[in-house]
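**Student:** Could you have a look at this structure, given as structure tokens, before my questions?
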Amino acid sequence: MIERFYSRSETITRLRSGQLGSHIDGFAESLSTQGYSFDVLKEKIRAVGKIGRWLSQGQVDLVALDEQRIIEFIEYCRGKQFLSDIQSAALNQLLCYLRKVGAVPPAALITTDTRQLIEKKFEEYLATERGLSCRTIRYQLLIARRFLTERFGNSSFECGRLCAANVTQFTLRHAYAYKLRTAQTMLSVLRGFLRFLYMRGETPNDLTGSVFKVADWHLAGLPKFLETKQVERLIQNVDRTTRSGLRDYAILLLLARLGLRGGEVVNLELEDIDWEAGTITVRGKGKWHNCLPLPQDVGEAIVKYLRCGRPKCSCRRVFIRTIAPYRPLLSSSATHGIVEYHLARAGLHPGRKGAHLLRHSLATRMIRGGNTLSEIGDILGHQFHSSTEIYAKVAVSALRALAQPWPGGRP
């Protein structure tokens with residue numbers, strides 16, 4: 001494999017020598033399937049040769065290679081030899097590859113057996129009884145682990161020693177460090193975890209009451225949105241002569257015409273589009289799915305992207321990164337960045353940026369056009385009517401008829 005990048009036999013022999021010699025070809029092959037350019041691949045392979053020689057010089061066994069060893073190697077390279085950013089990134093990719101093929105043990109677990117068991121049971125509870133998505137489960141486990149780590153550290157683990165003061169101290173340390181919605185979500189997760197511990201008998205008392213609530217005035221504000229002309233200006237300003245432009249144009253249309261969430265766009269798969277029926281299946285929160293009609297301009301934009309802009313790869317997700325490695329967009333933050341970038345290009349500076357801005361704009365346009373809150377909730381995929389109520393505040397003409405005259409004012 002590496003003969004494609006190096007012609008000198010001395011160089012090839014040197015790269016294949018040492019403890020990483022038997023893995024360098026397989027690693028190079030795995031990288032080549034991810035769409036990297038020739039020069040980038042060559043530089044990543046060179047990084048494997050460097051760390052391989054370092055391991056041999058230090059008489060370090062390959063099985064001892066882990067994140068800490070990589071940090072030590074990077075520190076060693078400073079002042080001794082040049083290590084580019086591409087080569088530094090290749091080291092972590094190499095470690096993942098070696099773990100995948102079994103040449104290096106998996107990452108060590110720092111939790112105790114009791115804690116692992118509780119976390120595993122909590123994960124199973126979230127998946128089977130709550131029916132949450134994998135991403136939501138990962139987030140909830142993160143909060144639970146943070147709470148347990150801050151309380152017990154590396155000491156003996158006994159949930160029965162948890163008390164209300166531990167919960168209050170944790171919430172006071174973290175709740176004010178986040179925005180309102182994030183803090184509310186974090187504390188809601190903590191309540192759920194504490195309730196789980198109590199129901200399993202791990203704690204003698206129900207500690208959920210020790211998690212205070214974050215002050216919030218429901219429906220106090222107005223949804224941020226763009227006017228119809230501004231939405232069209234944003235969409236038409238996209239440069240569709242590039243691969244990234246074709247992708248971003250299709251994403252913006254999905255957000256603006258169907259009001260999808262950023263995560264729903266990211267999770268869209270090729271099988272979710274029924275071209276014959278002209279429908280699209282949206283994978284919403286949890287296990288909720290919704291089938292929506294596919295507007296003509298949205299369908300044409302997706303077809304154009306699939307034919308001319310989407311990189312060739314085995315992934316079934318619709319929207320893929322435009323630079324190597326060719327993999328799906330990781331999260332809704334990717335769509336947030338796309339919307340924010342094109343808002344700046346179009347010269348639009350609303351108070352809120354991101355995928356939800358176009359979602360709010362669609363709902364606002366619908367209610368001004370006479371659609372009911374129930375119809376809007378069906379399109380947006382709201383499970384509760386309370387989620388749609390805020391859009392009633394932008395129907396100014398309808399609300400004006402309900403306004404009572406000011407006391408003492410003119411009739």
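**Student:** Relative contact order for the range 2-100 using alpha-carbon pairs under 8 Å, separation at least 6, rounded to a whole percent?
**Tutor:** Values: 67 pairs, mean separation 29.9, N = 99.
In percent, rounded to a whole number, it is 30.
**Student:** Which cross-chain or sequence-distant (5 or more) residues have an amide H under 5 Å from the amide H of Val282, H modelled 1.01 Å from N in plane?
**Tutor:** Correct list: Asn290, Cys291, Leu292.
**Student:** Would you mind checking the tilt of helix 67-77 against the longest principal axis of the Cα atoms of the chain, expressed as 0 to 90 degrees and rounded to 10?
**Tutor:** 70 degrees
**Student:** To continue, here is another question. Enumerate by residue number the trypsin sites (Lys or Arg not before Pro) in the range 321-378 meeting two conditions: DSSP loop (anything except H, G, I, E, B), and at most 15 other Cβ atoms within 10 Å of the site's Cβ. Can you show the working numbers first?
**Tutor:** Numbers: sites: Arg321, Arg345, Arg352, Lys353, Arg359, Arg365, Arg368; in loops: Arg321, Arg352, Lys353.
Of the trypsin sites (Lys or Arg not before Pro), the ones in loops of the range 321-378 whose Cβ has at most 15 other Cβ atoms within 10 Å are Arg352.
**Student:** To continue, here is another question. From the helices alone, meaning DSSP H stretches of at least four residues, give me the mean residue ellipticity at 222 nm for the chain, per-run term -39500 (n - 2.57), in deg cm²/dmol to the nearest 500.
**Tutor:** On the way: 17 runs with 210 residues, N = 411.
Result for the chain, helices only: -16000 deg cm²/dmol.
**Student:** Residue-wise, which Karplus ³J(HN,Hα) couplings in Hz belong to the range 176-182, taking 6.51 cos²θ - 1.76 cosθ + 1.60, θ = phi - 60°, and x for glycine or proline?
**Tutor:** 7, 8, 10, 5, 3, 5, 5
**Student:** Moving on to the next point. On a C-alpha basis, how far is the centre of the range 316-366 from the centre of the range 17-44 in Å? Whole number, if you could?
**Tutor:** If we compute the Cα centre of each part, the gap is 33 Å.
**Student:** Using 0.36 nm per residue, how much length does the chain from Glu72 to Tyr341 gain when fully extended, once their Cα-Cα distance is taken away?
**Tutor:** On the way: separation 269, 0.36 × 269 = 96.84 nm, distance 3.78 nm.
Additional length available on full extension: 93.1 nm.
**Student:** Using only Cα atoms, tell me the angle between helix 243-258 and the longest principal axis of the chain; keep it within 0 to 90° and round to the nearest 10.
**Tutor:** Computed tilt is about 30 degrees.
**Student:** What list of ³J(HN,Hα) values in whole Hz, one per residue of the range 20-28 in order, does the Karplus curve 6.51 cos²θ - 1.76 cosθ + 1.60 (θ = phi - 60°) give from phi, with Gly and Pro shown as x?
**Tutor:** Coupling constants for the range 20-28: 9, x, 6, 10, 5, 5, x, 5, 4 Hz.
**Student:** Something else about it: In degrees between 0 and 90, to the nearest 10, how far off the longest principal axis of the chain does helix 38-57 point, with axes built from Cα atoms?
**Tutor:** The two axes meet at around 50 degrees.
**Student:** Note the full-extension length gain between Gln59 and Arg316 as 0.36 nm times their separation in residues minus their Cα-Cα distance, in nm to one decimal.
**Tutor:** Working: separation 257, 0.36 × 257 = 92.52 nm, distance 4.35 nm.
Full extension from Gln59 to Arg316 adds 88.2 nm.
**Student:** For the cross-link pairs Lys179/Lys224; Lys229/Lys304; Lys179/Lys213, which exceed 22 Å when the distance is taken from alpha carbon to alpha carbon?
**Tutor:** Values: Lys179/Lys224 17 Å; Lys229/Lys304 24 Å; Lys179/Lys213 14 Å.
Beyond 22 Å between Cα atoms: Lys229/Lys304.
**Student:** Quick one: what does P(r) look like for the range 188-283 with 5 Å bins over all Cα pairs, in whole %?
**Tutor:** 2, 10, 12, 12, 11, 11, 9, 10, 9, 7, 5, 2, 0
**Student:** List every residue whose amide H lies under 5 Å from the amide H of Glu269, counting only residues 5 or more places away in sequence or on a different chain, with H placed 1.01 Å from N in the peptide plane.
**Tutor:** Val318
**Student:** Here is a further query. For volume of the Cα convex hull per residue in Å³, which listed value, [x] 126; [y] 223; [z] 139, comes from the coordinates shown?
**Tutor:** Looking at volume of the Cα convex hull per residue in Å³ for this model, the match is [y].
**Student:** Next up: Longest exposed-loop-site-free stretch of the chain, with chymotrypsin sites (Phe, Trp or Tyr not before Pro), DSSP loop and at most 11 other Cβ within 10 Å? Before the final figure, lay out the partial values.
**Tutor:** Details: sites that count: Phe82, Trp217, Trp275, Phe384.
Between the exposed loop sites, the longest stretch runs 83-216.
**Student:** Stretched out fully, how many nm does the piece from Cys134 to Arg307 gain, at 0.36 nm a residue minus the Cα gap? Present the calculation step by step, with values, prior to reporting the outcome.
**Tutor:** Details: separation 173, 0.36 × 173 = 62.28 nm, distance 3.08 nm.
That works out to 59.2 nm of additional length.
**Student:** Please rank Cys134, Cys291, fewest neighbouring Cβ atoms within 10 Å first, as an exposure proxy. Walk me through the numbers before you get to the answer.
**Tutor:** Details: Cys134 9, Cys291 12.
By the 10 Å Cβ count, ascending, the order reads Cys134, Cys291.
**Student:** Tell me whether the range 2-100 comes out rounded, prolate or oblate; compute the Cα gyration tensor, take square roots of the eigenvalues as a ≥ b ≥ c, and use a/c under 1.5 as the rounded threshold. Could the numbers behind the result be given before it?
**Tutor:** Working: a/c = 1.37, a/b = 1.30, b/c = 1.05.
Rounded is the answer for the range 2-100, as its axis ratio a/c remains below 1.5.
**Student:** OK, next. Using the Cα centre of the chain as the reference point, and only Cβ charges (+1 on K/R, -1 on D/E), how large is the resulting charge dipole? Debye, rounded to the nearest 20. Write out the running numbers ahead of the final one.
**Tutor:** Values: 59 positive and 38 negative charges, 166 e Å.
Charge dipole, the chain, about its Cα centre: 800 debye, nearest 20.
Any read-out appearing in this document is the output of simple, stated calculations on the displayed coordinates, not a laboratory observation. The model shown is predicted, which means the values in this text are computed figures rather than measured ones. Here Cβ is always computed from backbone atoms with ideal geometry, including for glycine, and neighbour counts include all displayed protein chains.
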